[in-house]
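Read through the structure below, which is laid out as structure tokens, and then see the notes.
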Amino acid sequence: MKLRGAGVSLLSNDTVSQFDKLRAKLAKVKEAGFDAVELPIAGMKLIVNGAIDRARLDAYVGLLREFPLQVTVHAPFDMNLFRQDHLQSEQRVFMASLEIAGAIGAQMMVYHVGRFVGEEQFMHPHTWKIYSESEKQRLMEEEIEFLRLAGNRARQLSLRIGMENMRPYLDCRDYCYSVIPQALALQVEAINHPHVGIALDVGHLHMAVRMYELNLRQQLEAMLPYVMHLHIHDNFGRASFSTEKNQYELVQLGRGDMHVPIGNGEVPIREIVSMLAPTFDGFLIHEIRDQYESVWAELPKRFDQLPDAGTAGDGLRTFAG
């Protein structure tokens, strides 16, 4: 097992887009004991219509050099390589994101894989395109070819691309192939590039196992050879509708993708980590919401406080940070 770094993710808001606020937040990340941070490219306001604001990017490069933190990034969340009406725009944003990641010294770029139905369409079912199986396969093959090219550029930039297993939603069960983690593993296997792997989101995994009645170990075993990044957070495994976004409401009901600190829900983190530990080589990012910033410094200790799971304890302590 090789842990390249442990940290927290920041959300797309003024904290990331305003330099003084970001400087203060990065100081808090370091003060909490972490050695890594994950930044959202969309929140940095660096891309306009696919073009990079180079002067602003230079300012970020200078700011990040002030802190001894390793950096990972998350590509824009709305980007969708299956969106056919403006596909070239989507691809330009992807490649611009890679260039930004390379410029700021990021070692990983997390990517939300292609979706057959975009989240922005969920409330408008009449806009959903019904793809045949052959059409879905064509889209996935196009993603394979594009990710191979992107992987080549990532190699030149000394970073890796992590394709994320997506969260399931009740209002569109099959909007994305990677809600089934094993399907994501097959896609990454087909891409067959050393700089393209899986960004495993343990919260999404837990929800998918519950919603689709999957076998956790089977799903993990399929992904193990490709996992190179971890998003850690907790929930109770109850999928929600896409309109249920208010984190304060979700927590009360124990529904949806809550993004609460690990240990506050039912994600079987010890079992997951015990399977990952022998082969994992990557970053661990606590992807929790802003309201939990006060517990950042406690996150490494939370692993020790979870119920015992045999020999997983040492691995968990190492993973925590």
List the pairs from 21/129; 45/245; 245/301; 2/25 whose alpha-carbon separation is above 32 Å, in the order I gave them.
21/129
If the chain between residue 120 and residue 190 were fully extended at 0.36 nm per residue, the gain over the current Cα-Cα distance would be 22.4 nm
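Could you compute the FRET efficiency for residue 245 and residue 58, with r as their C-beta to C-beta distance and R0 at 35 Å, rounded to 0.05?
Numbers: r = 34 Å, r/R0 = 0.98.
So the FRET efficiency works out to roughly 0.55.
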Using only the alpha-carbon atoms of segment 89-239, report the extent along each of the three principal axes, biggest first, to the nearest angstrom.
40, 34, 26
Rough spin-label spacing in nm, given labels placed 7 Å along Cα→Cβ, for residue 173 and residue 213:
1.0
Could you tell me how far the Cα centroid of segment 1-74 sits from the Cα centroid of segment 259-288, in Å?
22
Can you tell me which aspartates and glutamates have their Cα less than 15 Å from the Cα of residue 28? Leave out same-chain residues fewer than eight positions away.
20, 38, 66, 290, 293, 298
Under a 10 Å cutoff between Cα atoms, tell me which one of 130, 104, 161 has the largest fluctuation in the Gaussian network model of the chain.
130
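Cα convex hull of segment 104-161: mean projected area in nm², to one decimal? Mind showing how you got there, number by number?
Details: hull surface 20.3 nm².
With the hull built on Cα positions only, its mean projection is 5.1 nm².
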Let me check the size of segment 1-122 from its C-alpha atoms; what are the radius of gyration and Dmax in Å?
14.9, 45
Determine the calculated [θ] at 222 nm for the chain from helices alone, applying -39500 (n - 2.57) to every DSSP H run no shorter than 4 residues and normalising by the residue count; nearest 500 deg cm²/dmol.
-12000 deg cm²/dmol
Taking 90-101, 10-21 and ranking on average Cβ neighbours within 10 Å, highest first, one gets 90-101, 10-21
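Read-outs: derived from the displayed coordinates by stated rules, not from any lab. Since this is a predicted model, take the numbers as computed values, not measurements. Cβ atoms come from the backbone with ideal geometry, glycine included; neighbour counts cover every protein chain shown.
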